[in-house]
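Colleague: Following this message is one structure expressed as structure tokens.
Bear in mind these aren't lab numbers, they're just calculated from the coordinates by the rules spelled out. Everything numeric here is computed off the predicted structure, so don't read it as measured data. Ideal geometry is used to build each Cβ from the backbone, glycine not excepted, and the neighbour counts take in all protein chains shown.
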Amino acid sequence: MSTPNSSTAQNEVDPDLFDPPPRRNRYAEQAPIVAIVAVGGAIGACARYGAGLIWPTTPGAFPVTTLGINALGCAIMGAFMVLITEIWTTHRLVRPFVGTGILGGFTTFSTYATDVTDLINDGHAAAGILLLSATPLAALAAVWTAAAFTHCLATRRNP
């Protein structure tokens, strides 16, 4: 009779000795995140809609409100990300609620694309191209400036 190989015997685990790892329900784990993003998105979209009512853009005019909303939302995102990654300890749902939800619903890059198309189709190609290039530049400048400014303020306060 042969003896079992010692390396094989050491690597084998009797399944009756250990409980299997619990099955994780990924849908149940993601449900709070999806719900909080939806609530935040509704809040942000309502704020964006309100800004459009307060500062409407007439047809054919340069959509300053859309550009301003996108730049403002990106600036808030830059400051917010510095605060929650370097300054504050927050609940795990704060970033999806504010960042993805509220600010994702507030900024309106789909309206930006529609505004560019409408300007070009209505014969205002120069304004459409200006909006096409100004929006991403303004958004990047806003997020970078706000993040840098917030970081400077935070490190000055807490040396």
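Colleague: So between Asn121 and Val64, what do we pick up on full extension, going 0.36 nm a residue minus the alpha carbon distance?
Modeller: Length difference between fully extended and current span is 18.7 nm.
Colleague: Right, here's the next one. Say each of Ile33 and Phe149 gets a label point 7 Å from the Cα, pointing the same way as Cα to Cβ; how far apart are those two points in nm?
Modeller: 3.1
Colleague: Can you compute the modelled spin-label distance between Asn25 and Thr114, with each label point 7 Å from Cα toward Cβ, in nm?
Modeller: Each label point lies 7 Å from its Cα, and together they span 3.8 nm.
Colleague: Which order do the peptides 135-142, 101-108 take when ranked by the mean count of other beta-carbon atoms within 10 Å per residue, highest first?
Modeller: So the order, starting with the most tightly packed, is 101-108, 135-142.
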